[in-house]
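Every number here is computed from the coordinates shown, using simple stated rules; none is lab data. Small disclaimer: the values here were computed from a predicted structure and weren't measured. Cβ placement follows ideal geometry from the backbone for every residue including glycine, while neighbour counts extend to all protein chains displayed.
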Amino acid sequence: MKLGRVSVLQAFVANGGVRNAFKAATYLASWGAVYRHYRRAPTVEEYCEFWKQSRATTYRESLAFSKCSPDLSVEQVWRSLPSAVRRSSDRSALIADVASAKWVRS
């Protein structure tokens, strides 16, 4: 795959495979919603409480993200997305917008 502007999902698939890419994109979008809510990077406990999910599920999601974006933190990737994407209103729209967002990755 050419370097440059590709979608987040394309970059994630190239790094971690299809299954991990979908989990990673969902985690990124979900993490972003919590980030917006708290106006800062959430703790694991805050993320779990916000989405009413277990630490194990959160761990699996974050592991998939790490495989798909091994050199960048979730906060770095989130902040690198266009601001219009980061403002999506509901979780489903946010996941779709994040996965399809063009991402400059060198």
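Relative to the longest principal Cα axis of the chain, at what angle does helix 91-100 sit, 0 to 90 degrees, rounded to 10?
20
For every helix of n ≥ 4 consecutive DSSP H residues, a contribution of -39,500 (n - 2.57) applies; sum these over the chain, divide by its total residues, and give [θ] at 222 nm rounded to the nearest 500 deg cm²/dmol. Could the numbers behind the result be given before it?
Numbers: 6 runs with 74 residues, N = 106.
Counting only the DSSP helices, I get -22000 deg cm²/dmol.
Quick one: which residues, 5+ away or cross-chain, put their amide H under 5 Å from the amide H of TRP103? H built at 1.01 Å from N.
VAL6, SER7, VAL8
Report the net charge of residues surrounding GLU45, where surrounding means a beta-carbon distance below 13 angstrom and charges are Lys +1, Arg +1, Asp -1, Glu -1. Each step should come with its number before you reach the end.
On the way: positive: LYS52, ARG55; negative: GLU46, GLU49.
Here the charged neighbours net out to 0.
In debye, nearest 20, what is the charge dipole magnitude of the stretch 9-99 about its Cα centre with +1 on Lys and Arg Cβ and -1 on Asp and Glu Cβ, if you could check? Provide the component values of the computation, followed by the final result.
Working: 13 positive and 8 negative charges, 13 e Å.
Around 60 debye, computed over the stretch 9-99.
Hey, what angle do you get for helix 8-38 against the long axis of the chain, alpha-carbon based, 0 to 90 degrees rounded to 10?
40
Once Rh is set to the Kirkwood radius over Cα pairs, what Stokes-Einstein translational diffusion coefficient, in µm²/s, holds for the stretch 9-99 at a temperature of 10 °C and a viscosity of 1.306 mPa s?
Working: Rh = 12.9 Å.
The Stokes-Einstein estimate is 123 µm²/s.
Give the share of C-alpha pairs in each 5 angstrom bin for the stretch 62-106, from 0 to the last occupied bin, in whole percents, shortest bins first.
5, 21, 27, 28, 15, 3
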